[in-house]
Amino acid sequence: MIIVLHKGLSDIEIEKVCSDVEQAGYQPKIIRGVEEVVLACVGDEQSHSSLEALTWLPEVERVLPVQKKYKLVSRDFKPEDSTFLVHHTPFGGKNFSTIAGPCSIESLDQCRKTAEMLKNCGINTFRGGAFKPRTSPYAFQGLAEEGLKILAKIKEEFDMGIVTEVLGVEHIDATAEVADMIQIGARNCQNYHLLEKVAKAGTPVLLKRGLATTIDEWLLAAEYIIYHGTNEVMLCERGIRTYETATRFTLDVAAIAVALRESHLPIIVDPSHPAGHVNYVQPLARAGIAAGAHGMIVETHPCPSKAVSDAAQQIAVDKFSGFYDDLRPWIDLRKML
Ligand code: PEP
Ligand code: MN
C-alpha cells in the first residue's frame, strides 16, 4: 500500500506514521519527493488488515492499495486457462460452447420443442429459469419446483446439460439435483451469502455480472465462490446499466477482454439481455465472440410472441439455426485466438 502524507510534516510526525504502519504488520519505506513524502508499505495486503484506516491520521492525505484484492481467480495465481465440463460439454480454453433455451420454463412442450431444435444444431446445454427474478412482483415469477421437474425431464430425454438460476439459498439443494451448472443472476452477483452457499453445493456456477458491478467487484464475487469451495466458475458478461436506453443494457465488450486477461476462468457472452430486442442479438453475439468469449448463452422460444418473460429478445426456435449458422465463421475465428 502507498500512503501519501500531507506536505510540511516534521520528521517526528513522519516517524509516528511509520510506527503505526509497523504495528499493522507492514514495513514502511520512506520516499522523499521534491514536495511530497510517501510511504511505500511492504506486506501482504491479502493476509494483513488493510492500512485504509490510517486515512484517519491527521498526517495522512491518502492511502492507495497497489495489489489486486482477488487472488484465486487471477492469472497470477493460475496462468493457464481453466476448463471444465458441464454435463459432457467442455467450457473454457480453446473451446467455444453455446448454452441456449427459453428465458422462463413455461411448459414441457415448450422445452421439448426448444431442446429438439438445439440438439439438431449440435448444442448440448439447455438454459431456462424455474425461479425468475422479476422487476415487478406482479410479473410471472417462474414455475419454481414444477419448472425443475420439467428441466429434469429434458435432461433425461435429450441428454443435455442444464443451466438454471437460483434466487435463494432455500432452493439450492433442489436446483443442484437437476442443474449441471447453477446460474447466479445479475441481481444476485453481490449477494455474498448466496454465493457462499452455492459454492458449498459443489455444482459448477455461472456468475453473471451485476447491472452495476465493476469488473473488480465481479471478479471478487467469483473469488467468493472459489474461496468457499467450487473451482468451476464461469463468468458471464450480460450488459451493464448506462444512460443509454436504445438497448436494454450496454454490452461491455471490453469487460470480456479484461476478464480474459485478468482471470483464468472461462467467460461467456449473453447477447440477449443487453439487446432487449431480437434485432440486436446477432450483432452483440458477434461482438462478444470477437472480443474473445469462450461461449455464449442465448434465449430462444418456440413462440416468442407468447413468451411470459423477455418476449422481445428471444429468437424464435424456427429462426435459431439460421442465427447460429451465421455465427459459425466468427466462432471458428475465435477458436484460433
Ligand atoms: C436470465 O438469464 O433470464 C436472467 C434473468 O438474466 P440476468 O440475471 O442476466 O438478468
Ligand atoms: Mn431472460
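The values are calculated or read from the model by the stated rules, or taken from the named source; none is laboratory data. All values reported here derive from a predicted model rather than from experimental measurement. We place every Cβ from the backbone using ideal geometry, glycine too, and count neighbours over all the protein chains shown. In case anyone asks, the SASA skips ligands and DNA or RNA and just uses the protein heavy atoms, side chains included. Shrake-Rupley method; radii C 1.70, N 1.55, O 1.52, S 1.80 Å.
Of the residues Leu219, Leu235, Leu195, the single one that is touching a Phe, Trp or Tyr at 6+ places or on another chain (Cβ under 9 Å), under 24 Å from Ser74 (Cβ atoms) and within 13 Å of ligand 1 (Cβ to nearest atom) is Leu235.
Regarding the range 128-137, can at least one residue be identified that is open to solvent by less than 10 Å² (accessible area, probe 1.4 Å) and over 17 Å from Thr89 (Cβ atoms)? I'd like the intermediate steps shown before the answer.
From the range 128-137, those open to solvent by less than 10 Å² (accessible area, probe 1.4 Å) are 128-130; that's our starting set.
Next cut, over 17 Å from Thr89 (Cβ atoms) only: 129-130.
Yes, because at least one residue in the range 128-137 is open to solvent by less than 10 Å² (accessible area, probe 1.4 Å) and over 17 Å from Thr89 (Cβ atoms).
Among the residues of the range 268-305, the ones that are of a type in the set (A, V, I, L, M), away from ligand 2 (no atom under 16 Å from the Cβ) and open to solvent by 10 Å² or more (accessible area, probe 1.4 Å) come to 3 in all.
Go through the range 67-114 and report how many residues are of a type in the set (Ser, Thr, Tyr), under 26 Å from Ala316 (Cα atoms) and not in a loop (DSSP other than H, G, I, E, B). Don't jump to the end; show me each part of the working.
First, pick out the residues of the range 67-114 that are of a type in the set (Ser, Thr, Tyr): 70, 74, 82-83, 89, 97-98, 104, 107, 114.
Now drop any that are not under 26 Å from Ala316 (Cα atoms), which leaves 89, 97-98, 104, 107, 114.
Now narrow it down to the ones that are not in a loop (DSSP other than H, G, I, E, B): 89, 97-98, 104, 114.
Number satisfying all stated conditions: 5.
Pick out the one residue from Glu22, Glu45 that is charged (D, E, K, R), open to solvent by 90 Å² or more (accessible area, probe 1.4 Å) and touching a Pro at 6+ places or on another chain (Cβ under 8 Å). Spell out how you get there, then give the answer.
Numbers: Glu45 fails: open to solvent by 90 Å² or more (accessible area, probe 1.4 Å).
Only one candidate qualifies: Glu22.
Quick check, is Val17 of a type outside the set (Asp, Glu) and either open to solvent by 30 Å² or more (accessible area, probe 1.4 Å) or touching a strand residue (DSSP E or B) at 6+ places or on another chain (Cβ under 6 Å) (or both)? Taking the combined requirement at face value, the residue does not satisfy it. Every condition in (1) in a loop (DSSP other than H, G, I, E, B); (2) open to solvent by less than 50 Å² (accessible area, probe 1.4 Å) holds for Phe140 except the one numbered (2). None of Leu265, Leu194 is more than 16 Å from ligand 2 (Cβ to nearest atom), buried (at least 24 other Cβ atoms within 10 Å of the Cβ) and either in contact (Cβ under 8 Å) with a residue 12 or more places away in the chain or not in a strand (DSSP E or B) (or both) except Leu265. Within the range 59-98, the set of residues being closer than 21 Å to Glu217 by Cβ, surrounded by 16 or more Cβ atoms within 10 Å (Cβ to Cβ) and of a type in the set (Phe, Trp, Tyr) comprises just one member, Tyr70.
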